[in-house]
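A short worksheet on the structure shown next.
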Amino acid sequence: MSKKPLNLVHLSTLVAVAILVGTELVATSWAAGWALGGLFQLDPAVSRIFEIVFALAGLVGLYFFMRTAVRHEPIR
């Protein structure tokens, strides 16, 4: 049973979207954590925790976005 070959056009589109959307989501999430830490004048350690939590939320958002994108733009 042979697998269908990769559709390189769809694959390159998905890689480009992952880079673009991933950069936007993670950077925006990280900046939100930094801004909240500064706004509430939190301790630097607490501010870093906010940044990490928000960045992880951005990565989770990217995962769900890419999962949906692969469904609509199959690579095989």
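Structure notes:
- Of all residues in the stretch 53-64 being under 8 Å from the mean Cα position of the chain (by Cα) and surrounded by fewer than 16 Cβ atoms within 10 Å (Cβ to Cβ), the one that is nearest to L8 (Cα to Cα): Y63
- Test: residue in the stretch 36-49 that is modelled with pLDDT of 95 or more and within 16 Å of the chain's Cα centre (by Cα): no
One line per residue, one yes/no per condition, for (1) touching a helix residue (DSSP H, G or I) at 6+ places or on another chain (Cβ under 6 Å); (2) touching a residue at least 24 places away in the same chain (Cβ under 8 Å); (3) loosely packed, with under 14 Cβ neighbours inside 10 Å; (4) assigned to a helix (DSSP H, G or I):
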{"position": "V26", "(1), (2), (3), (4)": "yes, yes, no, yes"}
{"position": "L36", "(1), (2), (3), (4)": "yes, no, no, yes"}
{"position": "E51", "(1), (2), (3), (4)": "yes, no, no, yes"}
{"position": "R67", "(1), (2), (3), (4)": "no, no, yes, yes"}
{"position": "I75", "(1), (2), (3), (4)": "yes, yes, no, no"}
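- Number of residues in the stretch 1-24 that are outside any loop (DSSP other than H, G, I, E, B), under 19 Å from P74 (Cβ atoms), free of Cβ contacts under 8 Å to residues at least 12 places away in the same chain and of a type in the set (A, V, I, L, M, F, W, C): the value is 4.
The values are calculated or read from the model by the stated rules, or taken from the named source; none is laboratory data. Treat the numbers as computed from the prediction; the structure is a model and nothing was measured. We place every Cβ from the backbone using ideal geometry, glycine too, and count neighbours over all the protein chains shown.
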